[in-house]
Structure formats: structure tokens, C-alpha cells
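Here's the structure we're looking at; comments come further down.
Please treat every number below as a calculation from the coordinates, not as lab data. Everything numeric in this text was worked out from a predicted model, so none of it was measured. With ideal geometry, Cβ positions are generated from the backbone for all residues, glycine too; neighbour counts draw on all protein chains shown.
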Amino acid sequence: MQFNLVATDPQSKARAGVVQTDHGAIETPIFMPVGTAGTVKAVHQRELKEDIKAEIILGNTYHLYLRPGLDILEQAGGLHKFNGWDRPILTDSGGYQVFSLAGTRKIKEEGVKFKSHIDGSTLNFTPENVMDTQRTIGADIIMAFDECTPYPCDYTYAKQSMERTHRWLQRCVDRFDSTEPKYGYNQTLFPIVQGSTYKDLRIQSAETIASFGREGNAIGGLSVGEPAEMMYEMTEVVCDILPKDKPRYLMGVGTPANILENIALGVDMFDCVLPTRNARNGMLFTTQGIVNIKNKKWADDFSPIDAELGGYVSTFYTKAYLRHLIHSTEYLAGQIASVHNLTFFLWLVKQARQQILNGTFRDWKDMMVKKLMTRL
Ligand code: GUN
């Protein structure tokens, strides 16, 4: 993997770059749609490529390991072959899901023992086997096994957990560097900065993570309930330490405003379930602001979902029709709303990139943040 920095904004820390993988290039800043179980929920690969213009999608080690399992994935020739997505894939390590989804779990130095949310069976994730699993899934970018601490988190626990995450990282690196990709293309490992909402821990973690000298770095443990200002404070501290010549990925973030503010602080990559999860509940992100399509006011609004955004579903279908579909619990509602929201998120980061290239990002960002937070 290679990263080329193309431009930096003169009035903020925003950057535009290109990440090159064996499955193609990713222009940053980028938003990565979440495809937890090998599918971006309710969205075809053709729509992802042609309508949404996604450049990279996510998969989750935790879900894919449980179902379909490594046997099937290996027989398929990896996740790209299995789901037909031939552009880059990033897999999260399970570090997050083990803590958010699994029932009872025990964290030890060796790893995490937990119960599957599917059949209750007992499983063990260790830094070593999580590297092996992600090798088998075949993601282009794989994530270190970490602990995502909750918010709030007391200082003593945050410190202990961060130090364990660092020790786990060494084990991830040792395993990753002593194994080979399975399907003939390169894979790269991103370590994850932790440290909860404590500046001194974030500094310590960012310095440790940077010292590993990997090809890209991630920031975890944010957007877990802390105020947005606190998240920005942590992102800024960390981005100022992480190397400039490597991509920076902020995990699990966020709203359109969160994304723009973090781009301004030097983040290059984002993922979040927000556009797809909220789409299924009728929340639309548009170029004019936020729309709750379930509201009565849209019942007879026969204008397109978002004429300014463009794209097939956003101009073809009307607000009134989508509202009808949602109220009728039709499958098509989730499909249209998901494609629309993802098209919007990819449009947003593409606009941000263009503004960075033009040297006009900061003023545009300030204007957009206000506009995008408006509830229509
Ligand atoms: N997704 C969102 N936050 C995190 C995190 O802290 N760690 C991991 N592994 N995934 C995440």
C-alpha cells in the first residue's frame, strides 16, 4: 500500500491524498460504507460502484468469522470473490464488536473470551488469531486487535486498557509480519490509537502507535457517547503526532458535521453505520439538511429526494413516494434510503476533497456544517 499526499488546505489541517492498494486507488478524504457481514445492508454491489461511487468498503472480522466462517471464505478465495466487490476492503478486527455485541466476555492478557451473539458458543479472540482470520478474509487493510473503551471511562482503566492494546499490537505485528497473504495481493496492518478522553494518554498512545511505522494509522475509542468537542480535541492531539505521510483513519465516525470537522483536523478515512442504519429508520441526509421522511409534511411533496445531489435514486424517486414506502414497511424503502444516504456521504467527501485542492476548504466547511445540521 502507498499513500501520496496531494494537497493540504492553507487554513486548516485538511489534506487530500491517494491511497494505492492492489485492488485500486482510494482518493482521500474518503468515507467507507460499512458492510458488516459481507454486504452493505440493502445495497447491491453495482449500486455501490456506479451510483454511490464507493471506493472501499468495510467488513467485520467478528461477524464474518461467525458466519459464513473461515472455511467458506477460504474456499471462495476470500471476501472479494465471495461478495463480488473487486475494489479495496478494510476489515475491523472485532475489537469493537466483542465489546459492543458479545454477551458475557472476559478480557485477559492472552485475549478475549466471549459468547457468540448467534448461538451462544464460547469463542476466543487473540491478537494472533485475529490476524490469521483477517488474512483469510482477505481484506486489503486489516486492523489491529484492540479494546475500544466506553465513555465515560475512569483514568486507571483507560490507562491499563491502552497499555494492553499496545502490547496486543506488538503481538499483532509479530504475527502479521511472519505470515503471508493468502490470495496473491498485498495486505497491510493499521494499528489503533486508544486512550479514551484523556489528552496525556492519547499523546502516549499516538507516539507509541507512530513508532511502529506502519503504512497507515487509526484512531479508535471515539464517538462512543462523548461530546463532539471532546472528540475533536482528542483527534487534534492525535493527528498532530501521527506521521503526515501516512493515512489517518478515524473509526466509527460519524455525522456529516463530524466528518467535516475531523477532516479539518487532518483525518483522511472514515466509516460509520449512520447513513445505512438511519436510512432504514427514515432519516435522510441531504444537501439541504436532515429530513425525517416519516413526517406528515412530506406526504404530498412530489419533489425528488435530493435534486441537487443528483444520482439515480435521489432524483428518480420523490419524497412522498419514499414516505409511503417507509410507512408501508416495504423493503424498497430501506434500499432507496440507503443508496441515497451513501451517495450523499460519498458526495460530501468528494466535495471536501475538491475544496482542499482549491485551497477553499475551511470556509466551505464552516458553511456546510451549519447547513447540514439543519432539520428540514
Ligand atoms: N470502531 C469504532 N471504534 C473502534 C475502536 O476503537 N476499535 C475498533 N477496533 N473498531 C472501532
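Quick one: which residues, 5 or more positions from ILE290 or on another chain, have an amide H under 5 Å from its amide H? H modelled 1.01 Å from N in the peptide plane, none for Pro or chain starts.
Here the answer is THR374, ARG375, LEU376, since their amide H atoms fall under 5 Å of that of ILE290.
If you take the beta carbon distance between ARG46 and ASP22 as r and set R0 to 22 Å, what does 1/(1 + (r/R0)^6) give as a FRET efficiency, to the nearest 0.05?
0.50
Under a straight-distance cross-link criterion of Cα-Cα below 16 Å, which aspartates and glutamates are reachable from LYS199, leaving out those fewer than 8 residues away in the same chain?
Straight-distance partners of LYS199: ASP154, GLU163, GLU207, GLU226, GLU229, GLU233, GLU236, ASP240.
Can you classify region 104-159 as rounded, prolate or oblate using the Cα gyration tensor, where a ≥ b ≥ c are the square roots of its eigenvalues, rounded means a/c under 1.5, and otherwise it's prolate if a/b beats b/c and oblate if not?
oblate
Taking the Cα centre of region 147-305 as the origin, how large is its charge dipole in debye, to the nearest 20, when only Lys and Arg (+1) and Asp and Glu (-1) carry charge on their Cβ atoms?
In debye, rounded to 20, region 147-305 gives about 480.
In terms of the Cα gyration tensor, with a ≥ b ≥ c the square roots of its eigenvalues, is the chain rounded because a/c is under 1.5, prolate because a/b exceeds b/c, or oblate?
It comes out prolate by the Cα gyration axes.
Modelled label-to-label distance, ALA257 and MET367, 7 Å Cα→beta-carbon offset: nm?
A separation of 1.9 nm, rounded to one decimal place.
Mind listing the phi-derived Karplus ³J(HN,Hα) values for region 76-90, rounded to whole Hz, using 6.51, -1.76 and 1.60 with θ = phi - 60°, and x for any glycine or proline?
6, x, x, 5, 4, 6, 5, 9, x, 9, 9, 9, x, 10, 10
Please check which bits of region 105-133 a label hung off ASP154 would reach, taking the label as a point 7 Å along Cα-to-C-beta and the cut-off as backbone N under 19 Å.
107-108
Could you work out how far the C-alpha centroid of region 306-364 sits from that of region 35-57, in angstrom?
14 Å
With a point put 7 Å past each Cα toward its Cβ, work out how far SER328 is from ASN358 in nm, to one decimal.
4.1 nm
Out of region 262-312, which chymotrypsin sites (Phe, Trp or Tyr not before Pro) are coil in DSSP terms and have no more than 15 other C-beta atoms within 10 Å?
Those satisfying the criteria are PHE302.
Given the rule -39500 (n - 2.57) for each run of at least 4 DSSP H residues, summed and divided by the residues of the chain, what is its mean residue ellipticity at 222 nm, to the nearest 500 deg cm²/dmol?
-12000 deg cm²/dmol, from helical runs alone.
Loop-only check: which trypsin sites (Lys or Arg not before Pro) in region 1-107 are DSSP coil with at most 14 other Cβ within 10 angstrom?
Sparse-neighbourhood loop trypsin sites (Lys or Arg not before Pro): LYS53.
Quick one: net charge of PHE270's neighbours, Cβ under 14 Å, K/R +1, D/E -1?
Around PHE270, the surrounding residues sum to -2.
Can you give the Rg to Rh ratio of region 5-146, both from alpha-carbon atoms, with Rh computed by the Kirkwood formula?
1.02
Only loop residues by DSSP count here, and only those with at most 10 other Cβ atoms within 10 Å; note down the chymotrypsin sites (Phe, Trp or Tyr not before Pro) in region 97-198 that meet that.
In loop regions of region 97-198 (DSSP not H, G, I, E or B), there are no sparsely surrounded chymotrypsin sites (Phe, Trp or Tyr not before Pro).
Can you tally the net charge around THR343? Count Lys and Arg as +1, Asp and Glu as -1, for every other residue whose Cβ sits under 10 Å from the Cβ of THR343.
-2
State the extension gain, in nm to one decimal, for the chain segment bounded by LEU70 and ARG277, taking 0.36 nm per residue of separation less the distance between their alpha-carbons.
In short, 71.9 nm is gained.
Once you list every other residue whose beta carbon is under 13 Å from the beta carbon of LYS53, what net charge do they have if Lys and Arg are +1 and Asp and Glu are -1?
Its environment carries a net charge of 0.
Restricting to the chain, what percent of DSSP beta bridges are antiparallel, rounded to 5?
If we restrict to bridges inside the chain, about 50 percent are antiparallel.
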